[in-house]
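Inspection log for the structure reproduced underneath, given as structure tokens.
The values are calculated or read from the model by the stated rules, or taken from the named source; none is laboratory data. Predicted, not measured: the structure shown is a model, and the values here were computed from it. All Cβ positions, even for glycine, are placed from backbone atoms using ideal geometry, and neighbour counts span all protein chains on display. Surface areas here come from the heavy atoms of the whole protein model, side chains and all, with no ligands, DNA or RNA. Shrake-Rupley method; radii C 1.70, N 1.55, O 1.52, S 1.80 Å.
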Amino acid sequence: MKIVIIGNGISGATAARWLRKLGDHEITMISAESDYFYSRTALMYIYMGHMRLKETQPYENWFWEKNRINLLRAWVSGVDFDNKKIKLRQAVKTGASHPAPPPELEYDKLIIATGSATNKFGWPGQDLNGAAGLYTLQDLQTMNDYSKGLKRAVIVGGGLIGIEMAEMFHSRNIPVTFLVREKSYWNNVLPKEESEMINRCILNNHIDLRLGTELKEIVDDGNGQASAVITNTGERINCGFVGLTAGVHPNINFLRESELEIGRGIKVNEYLETNIPDVYAIGDCAEQMNPIPGRRGVEAIWYTGRMMGENVAYNIYNKKIKYNPGIWFNSAKFFDIEYQVYGNVQAHPPENHESLYWEHSDGDKSIRIIFDKKNKEVLGFNLMGIRYRHEVCEKWLAEKTNIETVLQELGLANFDPEFFDEYDFELIKLYNQKTGSNLQLKKKRGLDSVISFLKR
Ligand SMILES: Cc1cc2nc3c(=O)[nH]c(=O)nc-3n(C[C@H](O)[C@H](O)[C@H](O)COP(=O)(O)OP(=O)(O)OC[C@H]3O[C@@H](n4cnc5c(N)ncnc54)[C@H](O)[C@@H]3O)c2cc1C
């Protein structure tokens, strides 16, 4: 059996590894972007000089050959689903070292794992030189090329990639103007206080943050080069680079005209099967037809791509397992502030959500615990500048633990009880004040307590 995977990101690479672990069929993994799987989440660290590309590759180059996973550097221009053939073209910018791929490749089973692409909303000038997103290695190269002698970058779109881009330019002392359409940074995801904390953090890092400001047009210098932006207030901001970071969408345009069922992404059932037999979709490009309650159809995040990669391998070998992403988790870094979220934390919470929020007087650390107003079940954790143990939070959420139990046992979630104990005390004090309770922090901490809690 010939199994072909389009895409060598986290989802495609994980699928390839599991397919090899579970069976002995022929596996080919195609990528237009890179010879080897690398960690996309580490792109910023390459730019900032903390890592080289090689150090972002989780597997040594020999790993793929040793595991008989064929790697093919090529661009897939379409798929003939009736005849089970993939149409190939030479990938752009691959360099002379890459021989032209065969025009077609046959498959018995096909996994589509083509990830996301940068959103462009039809802004005038969006395709000028010097206007680019941050998604691929080629984007990184573009950013790097433009950084030399750059007087100002304007970044459009206040999400996770936008703030990374701001930090990247800032690390090279390049002035940045950051246009954020919303009234506060990422306030469609972050609750008000956390969003305001990040506004302050952006400003403290000398980024020219423009809230409530949208891009209207990118100005051509007459030679096809971005030279300024015009905002919705009519202001002109001169710049040599425009970062387009207003979100991403599933990278599936090359399949739009096919019989594949497509919504926002490629529609898949809980077995990651598409409407076409023997064709699967995983990772950012897949859209769950029936997402589990509280989850989105398309989730463009790392760990769900990895889970789907493993899942699809089992499904292809008929050891069918339903895809279940479990409890929502995400993490990021906003300059120096680490962010973690577990479970259901909403910017605009529904009626039944009660929130216990504590913020450090420094204004750069906070803990928010969400619980159900009526039954006091804990529903979510939102942490800024403080880290909690993933497995502990996950267990509390999975077991619908009572907020009062969680508060008294917070020591179990702490990585650094010596340092964080004081924060837990303040959080409990806050809860006691709000509710008239008299809860006390239990002295449960240290690895032994954590291990026995997790086994419980
Ligand atoms: C800058 C940045 C920072 C991020 N940080 C985080 C983070 O902190 N945490 C987190 O959870 N997520 C983060 N993400 C998101 C995360 O990286 C993605 O969710 C994940 O990489 C998606 O994996 P994937 O395997 O679905 O697709 P991708 O990683 O996008 O891989 C898709 C592959 O398919 C190939 N491909 C696409 N179309 C074709 C074609 N037609 N022909 C041939 N090859 C093709 C591409 O070349 C690419 O190599 C970040 C993303 C970016 C861009």
Inset, instruction - Test each condition in (1) over 19 Å from Ile282 (Cβ atoms); (2) of a type in the set (Asp, Glu); (3) surrounded by 15 or more Cβ atoms within 10 Å (Cβ to Cβ) for Asp80 and report the one that comes out false. - result: (3)
Inset, instruction - Return yes or no: is Gly363 at positive phi and crowded, with 19+ Cβ neighbours inside 10 Å? - result: no
Inset, instruction - Evaluate the following for Trp123: is it open to solvent by 30 Å² or more (accessible area, probe 1.4 Å) and of a type in the set (Phe, Trp, Tyr)? - result: yes
Legend entry - Verdict on His353 being away from the ligand (no atom under 12 Å from the Cβ), assigned by TED's automatic domain parsing to the domain that holds Asp424 and open to solvent by 50 Å² or more (accessible area, probe 1.4 Å): no
Legend entry - Among (1) surrounded by 13 or more Cβ atoms within 10 Å (Cβ to Cβ); (2) at positive phi - the single one Gly446 does not satisfy: (1)
Inset, instruction - Among what's in region 6-56 and is under 18 Å from Ala91 (Cβ atoms) and of a type in the set (S, T, N, Q), pick the residue that is surrounded by the most Cβ atoms within 10 Å (Cβ to Cβ). - result: Asn8
Inset, instruction - Would you mention how many residues in region 258-278 are without any contact (Cβ under 8 Å) to a residue 40 or more places away in the chain and either charged (D, E, K, R) or open to solvent by 50 Å² or more (accessible area, probe 1.4 Å) (or both)? - result: 5
Inset, instruction - Answer yes or no: is there a residue in region 106-114 that is of a type outside the set (Gly, Ala, Ser), open to solvent by 60 Å² or more (accessible area, probe 1.4 Å), within 14 Å of the ligand (Cβ to nearest atom) and at pLDDT 95 or above. - result: no
Inset, instruction - Say whether the condition of being of a type outside the set (Gly, Ala, Ser), out of contact with any Phe, Trp or Tyr (no Cβ under 6 Å at 6 or more places or on another chain), away from the ligand (no atom under 14 Å from the Cβ) and not in a loop (DSSP other than H, G, I, E, B) is met by at least one residue in region 41-57. - result: yes
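Each row is one residue, and each column tells you yes or no for (1) crowded, with 21+ Cβ neighbours inside 10 Å; (2) in a strand (DSSP E or B).
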{"residue": "Glu194", "(1), (2)": "yes, no"}
{"residue": "Leu203", "(1), (2)": "no, no"}
{"residue": "His206", "(1), (2)": "no, no"}
{"residue": "Ile218", "(1), (2)": "yes, yes"}
{"residue": "Gly222", "(1), (2)": "no, no"}
{"residue": "Ser227", "(1), (2)": "no, yes"}
{"residue": "Thr233", "(1), (2)": "no, no"}
{"residue": "Val242", "(1), (2)": "yes, yes"}
Inset, instruction - Taking only region 378-402 into account, find how many residues are part of a strand (DSSP E or B) and open to solvent by 50 Å² or more (accessible area, probe 1.4 Å). - result: 1
